[in-house]
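Presented below is the structure to which this report refers.
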Amino acid sequence: DSKRRIRNGWQMFTPALAQSQQDRLRVETHLRRAADNNEFHLVYQPQVDLRHGRIVAAEALIRWENRQLGEMRPDHFIGHAETTGDIVRIGSWVLREACRQAAEWRDAGLGIVRVAVNVSYRQFLGDDLADTVHGVLEEFGLPGTALELEFTERVLIEDAPDTLRTFARLREQGVVLTIDDFGEGYSALNYLRRLPIHGLKLSQLFMEGVPDNKSDVAVCQAVAGIARSLGLALVAEGVESEQQRRFLLELGVPVGQGFLFAPGLRPEEFARRLADDAVATV
Ligand code: C2E
Ligand code: MG
Ligand code: MG
Ligand code: MG
């Protein structure tokens, strides 16, 4: 019977499972050719100074539009791409495209806006990442400080032998290193002392409960305390309300991103906002 089959390591083969496996194969097949077919683009979400909303950086977020599958959110394909290994090629494309865009904005007289790129743990396996970053920065004549890499705690759990060296080599180039979704993973706080990182991003998981949920508020306060005492920058994610903005300012969190300010924007729209910001300060 089904119980015994599960105990023996068999999986019940249900129509739902067949469906999900078919979906996975479909996604993976299309994903393999997506880069060559120019199906990816990036949108840019402003990171803003919470006091007045001025842009301080841009997080590049990947978008995938496939003719058969439609629009796919990253949460629906990044995991697959990590399993197949395609994420390494996709990740290199994202890195190069984000830097190309930053250089384009610079050349248009908008100044150098730092772009934050999400990096998968798989890109840290092997020690090519620092070389890839070096090559891309050189290609576009950008300083390392124009680039931020966001990675999740998963990178630290995989604990590839080269990871620490890669971090050090990125840091030497001036690249800003940030732990994304901080608090969601297995936060062994020990690594925060060992790693040459600049900052943390407070997971939007906890922002959702601000200001009503006491334990979410407590987690936000705790993370702000950790960042402050370790001298790390802190960016709040998922800021959707004026109340949350004020809560963060009272907590001493200077920078945030979220729908209160803007979702991920097409480059043209992002550039328009950059230009508006510049005008406002003159
Ligand atoms: P993330 O890096 O934590 O990015 C934040 C996600 O939250 C984005 O979803 C963004 O659109 C969404 N978001 C921003 N502000 C708000 C808000 O106020 N409220 C709510 N509810 N959501 C908000 P997105 O673009 O769907 O990306 C999801 C995740 O996919 C990202 O989480 C990141 O882990 C991953 N991802 C995106 N682009 C890339 C990429 O180029 N490479 C890799 N490896 N991962 C990526
Ligand atoms: Mg991110
Ligand atoms: Mg995040
Ligand atoms: Mg996330």
* **Neighbour cut-off at most 15 other Cβ (10 Å), DSSP loop, chymotrypsin sites (Phe, Trp or Tyr not before Pro), segment 176-232** => Y186
* What stretch of the chain, leaving out the sites themselves, is the longest with no trypsin sites (Lys or Arg not before Pro) in a DSSP loop having at most 13 other Cβ atoms within 10 Å? -> 68-282
* Asked: Can you pull the three principal axis extents for the Cα set of segment 164-282, in Å, largest first?
  -> 42, 41, 25
* **Computed [θ] at 222 nm, helices only, for the chain once each DSSP H run of length n ≥ 4 contributes -39500 (n - 2.57)** => -14500 deg cm²/dmol
* Sort out for me the Cα centre separation of segment 33-88 from segment 196-260, rounded to whole Å. => 23
* To do: Report, to the nearest 10°, how far helix 15-34 tilts away from the longest principal axis of the Cα atoms in the chain, using its own Cα long axis and a range of 0 to 90°.
  => 50
* In whole percent, how big is the carbon plus sulfur part of the accessible area of segment 134-282, probe 1.4 Å, protein atoms only? -> 52
* Coordinate range along principal axes, alpha carbons of the chain, Å, largest first -> 72, 46, 37
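The values are calculated or read from the model by the stated rules, or taken from the named source; none is laboratory data. Worth saying up front: this structure is predicted, and the values here are computed from it rather than measured. When we count neighbours, we look across all protein chains shown, and the Cβ atoms used for this are built from the backbone with ideal geometry, even at glycine. SASA here: full protein model, heavy atoms, side chains in, ligands and nucleic acids out. Shrake-Rupley method; radii C 1.70, N 1.55, O 1.52, S 1.80 Å.
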